[in-house]
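Chemist: Here you go, one structure.
Only the coordinates and a few stated rules stand behind these numbers; no lab work does. Given the structure is predicted, the values throughout are model-derived calculations rather than measurements. In this analysis, Cβ positions are derived from the backbone assuming ideal geometry, glycine residues included, and neighbour counts consider all displayed protein chains.
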2 protein chains.
Amino acid sequence: MKKITNLKALAEHLGLSQTTVSRALNGFPEVNHKTRQIVQAAAQKLNYKPNARAKRLATGRSMAIGHLVSVSKGHEIVNPIFADFIAGASARYIESGYDLLLSLVPDENELSAYSDLVARDAVDGVIIHTPKEDDPRLKRLNELNLPFVVHGRSTKSNEVYNWVDVNNERAFFRATEFLIDLGHRSIALVNGMTDMDFVIRRTTGYQRALSKNDIESQTSYILNGEMTEPYGYRSAIALLDRPIPPTAIIASSMLVANGIRRGIEESGLKMGRDISVLSHDDDLSYFRDESEVPVYTATRSSVREAGYKSADLLIKTIENPTRPREGILLEANLIIGSSTRPAVR
Amino acid sequence: MKKITNLKALAEHLGLSQTTVSRALNGFPEVNHKTRQIVQAAAQKLNYKPNARAKRLATGRSMAIGHLVSVSKGHEIVNPIFADFIAGASARYIESGYDLLLSLVPDENELSAYSDLVARDAVDGVIIHTPKEDDPRLKRLNELNLPFVVHGRSTKSNEVYNWVDVNNERAFFRATEFLIDLGHRSIALVNGMTDMDFVIRRTTGYQRALSKNDIESQTSYILNGEMTEPYGYRSAIALLDRPIPPTAIIASSMLVANGIRRGIEESGLKMGRDISVLSHDDDLSYFRDESEVPVYTATRSSVREAGYKSADLLIKTIENPTRPREGILLEANLIIGSSTRPAVR
DNA sequence: AAGCAAATTCAAACCGCTTTGAATACAATA
DNA sequence: TATTGTATTCAAAGCGGTTTGAATTTGCTT
């Protein structure tokens, strides 16, 4: 039995035209029922799969989604939430047969990377990660007319675009107010780099809760930095070293919270007893805590779900480009764990 | 000025044939120097980029590398080292113009996912992540004649293949012997799932060090599980609860080590004083510790570098398929931090 | 100035699929 | 049975590049 590697061979093998075979396999209605059965059975048996390259060229669609992650030269951090986000998105792509194209782009070339992708016609759409407060990428993508979804938002941009975001403002408002209700008055916020949109939103939520409760917001209680474990540690050490240390600390990620805990314990204190810690929790698979009472009180929101929904929204937009742009706001749950306690005074 | 979107238009614009323009852009020697200059200048100015889809079909090459990550239905963990590995590989792909295709595959379809990829002719090669001790994927890929590189090894497989791996056996041998030299005699190993090759190699190294030093290897000191933070925590609690708790613990990853530390501190002990901890450190960007004395004594090996080297090896193999298969063994550094101390007895 | 090899350029075929427009087969109608 | 309509099938023309084999220039020789 000769090897069937392309449509032509399959068509000849069946004594049919390529047209008919192609249509039979792609579910066109004008093919005789019986013929279709035969064709499908043969394709199955001979393990015929249409060549992806040829298909892409012929249809003019890439059947691929680009994820462009910008990598800064200075601080080369790969966002740890990335893997879980991708896992969620990927699940959705598989359902519709899209491939996932990943490009890590040095951020000085970022804009041109998008133009290239379009010029090369390599993807049908892209997902934007960690947008800035006024992210130039959105404008560029709209100009290029390439469908895209932002994971997060770009508050100061006046572009129209699709996005999927956690309600960071409210989550951190609630987190802060929760601590205030426990009697805490000096609450620190160990946040990420200020050029990221979500960092700003979180700060806003935090400050709104303070001012609503007539607590003076001390800027010295707000720290910003690359969200690593050592950063959490250094932040805790620095905060506890203050003349008046905070009685509660809010962390922007579990990784940071882990560092904070380390700093606290190294200072001879105990988290949840001497000082409260509340973290945002992206529900990453390798931090998932199955115990009855979670270690950390946290605002939890699954980044994997965000990935799935972003992918879903993007696919809808690709398949119907005139679809109005949509924003999806995910609410975080406030989960009570054992890292928070009423303030002792 | 009309928009130049394809070769034909560019050729007409220049009054040249497609052939010549194509050759000028692709650096063929038989093009007049002056002509080439003109063509290149025009392409640059008009921002002409050859259509990726057409190019792939015409050349028969996908210019894409597949990373197939298997996701188990039961324990849906995305390996946290993945992001950094990809970052390293991506840097290498960019140098040679390859795209990175990422597929998360439910592991029951794993083998067929590879066949599909080949049948669809979607990638020029693949990277295999976290191989098992006798991984069926290697045989399959060799049969399919698709170039690949394994990140790690498959000890019991008798296939011939490219691989890039850390010398896990030696790293853990050294780690264990280091602790023994400090006087430790009961050393626990908190390792990953036993179906992964590197887990087995690490166990082997650990055991070899014990037996070399005439220490009876107690299997009860070897724990296996999904390498998460909570797993590290539970392991520490369980170990410390033993009638004779270990005086030192070796952790298979920083995340696990963090959990172990949490368990230790929760038990009222102090890591590095009451009990020693030594971890393997993949040098992940979000754990990178810039302080003078690292927190953890660790066997350190950059997974990002492994990513870069794997990509490099794969590209070499793709561009020269007859190239003999190669294995690259990376040695881990033993970095002394403050989590280890001589055993008190 | 003719002759010939080397340097350039070009028209056309090809990669493997989809899709258009025409052709053929079959069934129903008059 | 001739006619008309509908269901199927097909040959050929793209998609946008690369590559083969032939044609045209150009540069030297004699």
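Chemist: Helix A:197-212 versus the longest principal axis of chain A: what is the Cα-based angle in degrees, 0 to 90, to the nearest 10?
Modeler: Relative to chain A, helix A:197-212 is tipped by roughly 40 degrees.
Chemist: Report, by chain and number, residues whose modeled amide H sits under 5 Å from the one on residue B:253, excluding near sequence neighbours (fewer than 5 apart, same chain).
Modeler: HN-HN under 5 Å from residue B:253: B:280.
Chemist: Between residue A:59 and residue B:213, what is the spin-label point distance in nm, taking each point 7 Å from the Cα along the Cα→C-beta axis?
Modeler: Calculated label separation equals 6.0 nm.
Chemist: Using θ = phi - 60° and the Karplus relation 6.51 cos²θ - 1.76 cosθ + 1.60, list the HN-Hα couplings for region B:315-324 in order, rounded to whole Hz, with x at every Gly or Pro.
Modeler: Going residue by residue, I get 4, 4, 5, 5, 7, 8, x, 8, 3, x Hz, with x marking Gly and Pro.
Chemist: Could you quote the convex hull projected area for region B:7-59, Cα atoms only and averaged over all directions, in nm²?
Modeler: Values: hull surface 14.1 nm².
For the Cα atoms of region B:7-59, the hull's average projected area reads 3.5 nm².
Chemist: Residue by residue through region B:97-113, which ³J(HN,Hα) values in whole Hz follow from phi under the Karplus form 6.51 cos²θ - 1.76 cosθ + 1.60 (θ = phi - 60°), with glycine and proline marked x?
Modeler: Running phi through 6.51 cos²θ - 1.76 cosθ + 1.60 with θ = phi - 60° gives x, 8, 8, 10, 9, 10, 10, 8, 10, x, 5, 6, 9, 3, 4, 5, 4 Hz.
Chemist: Which semi-axes, in whole Å and largest first, does the equivalent ellipsoid of the protein assembly as shown have when worked out from the alpha carbon gyration tensor as the square roots of 5 times its eigenvalues? Present the calculation step by step, with values, prior to reporting the outcome.
Modeler: On the way: eigenvalues 445, 218, 107 Å².
Listed largest to smallest, the semi-axes of the protein assembly as shown are 47, 33, 23 Å.
Chemist: Could you compute Rg(Cα) / (2.2 N^0.38 Å) for chain B, with N its residue count? Let's see the in-between values first.
Modeler: Details: Rg = 25.5 Å, N = 345, 2.2 N^0.38 = 20.3 Å.
Cα Rg divided by the expected 2.2 N^0.38 Å: 1.26.
Chemist: Report, by chain and number, residues whose modeled amide H sits under 5 Å from the one on residue B:328, excluding near sequence neighbours (fewer than 5 apart, same chain).
Modeler: B:163, B:164, B:165
Chemist: Which value, in debye to the nearest 20, describes the size of the charge dipole of the protein assembly as shown about its Cα centre when Lys and Arg Cβ atoms bear +1, Asp and Glu Cβ atoms bear -1, and nothing else is charged?
Modeler: In total the dipole reaches around 2060 debye.
Chemist: Relative to the compact globular guide of 2.2 N^0.38 Å, what is the alpha carbon radius of gyration of region B:175-262, as a ratio?
Modeler: Working it through for region B:175-262, the quotient is 1.00.
Chemist: I would also like to ask the following. Could you work out [θ]222 nm for the protein assembly as shown from helices alone, using -39500 (n - 2.57) per DSSP H run of at least four and dividing by all its residues? Round to the nearest 500 deg cm²/dmol.
Modeler: So the helix-based figure for the protein assembly as shown works out to -13000 deg cm²/dmol.
Chemist: Amide H neighbours of residue A:222 under 5 Å, counting only residues 5+ apart in sequence or on other chains, H built in-plane at 1.01 Å?
Modeler: Amide H to amide H, under 5 Å and 5 or more residues apart or across chains, residue A:222 pairs with A:189.
Chemist: Which three numbers, in whole Å and largest first, are the semi-axes of the equivalent ellipsoid of region A:106-164 derived from its Cα gyration tensor as √(5λ)?
Modeler: Square roots of five times the eigenvalues give 18, 13, 10 Å.
Chemist: Considering chain A as a Gaussian network with a 10 Å cut-off on Cα pairs, which listed residue, A:187, A:38, A:260, attains the greatest mean-square fluctuation?
Modeler: Taking springs between Cα atoms under 10 Å, the residue moving most is A:38.
Chemist: Could you work out the relative contact order of chain B, using alpha carbon pairs under 8 angstrom and six or more residues apart, expressed as a whole percent?
Modeler: Values: 630 pairs, mean separation 60.5, N = 345.
Across chain B, relative contact order equals 18 percent.
Chemist: Can you give the net charge of the other residues whose Cβ lies under 14 Å from the Cβ of residue B:37, counting K and R as +1 and D and E as -1?
Modeler: Net charge around residue B:37: +4.
Chemist: Using a simple charge model, +1 on the beta-carbon of Lys and Arg, -1 on the beta-carbon of Asp and Glu, nothing else, what dipole does region A:206-345 show about its Cα centre, in debye to the nearest 20?
Modeler: 280
Chemist: Quick check: convex hull over the Cα atoms of region A:62-200, volume per residue in Å³, rounded to an integer?
Modeler: Normalising the Cα hull of region A:62-200 by residue number yields 124 Å³.
Chemist: Would you list, by chain and number, the lysines whose Cα falls below 27 Å from the Cα of residue A:156, excluding same-chain residues fewer than 8 positions away?
Modeler: Excluding near neighbours in sequence, the set is A:73, A:132, A:139, A:212, A:309, A:316.
Chemist: Using C-alpha positions alone, give me the convex hull volume of region B:1-108 per residue in cubic angstrom.
Modeler: On the way: hull volume 15.6 nm³, N = 108.
Value for region B:1-108: 144 Å³ per residue.
Chemist: Same structure again: Pick out which of A:69, A:39, A:150 has the largest mean-square fluctuation in a Gaussian network model of chain A, springs linking Cα atoms closer than 10 Å.
Modeler: Looking only at A:69, A:39, A:150, the biggest GNM fluctuation is shown by A:39.
Chemist: Residue by residue, what Karplus-based ³J(HN,Hα) values in Hz, rounded to whole numbers, does region B:289-298 have, using 6.51, -1.76 and 1.60 with θ = phi - 60° and x for Gly and Pro?
Modeler: 10, 8, 5, 4, 9, x, 5, 9, 6, 7
Chemist: Specify the residue with the greatest mean-square fluctuation among B:199, B:21, B:295, computed from a Gaussian network of chain B linking alpha-carbon atoms under 10 Å apart.
Modeler: B:21
Chemist: While we're here: Using only the alpha carbons, work out the radius of gyration and Dmax of region B:220-345 in angstrom.
Modeler: 18.0, 60
Chemist: Dipole size in debye (nearest 20) for chain A around its Cα centre, Lys and Arg Cβ +1, Asp and Glu Cβ -1? Before the final figure, lay out each step's value.
Modeler: On the way: 43 positive and 42 negative charges, 271 e Å.
For this selection, approximately 1300 debye.
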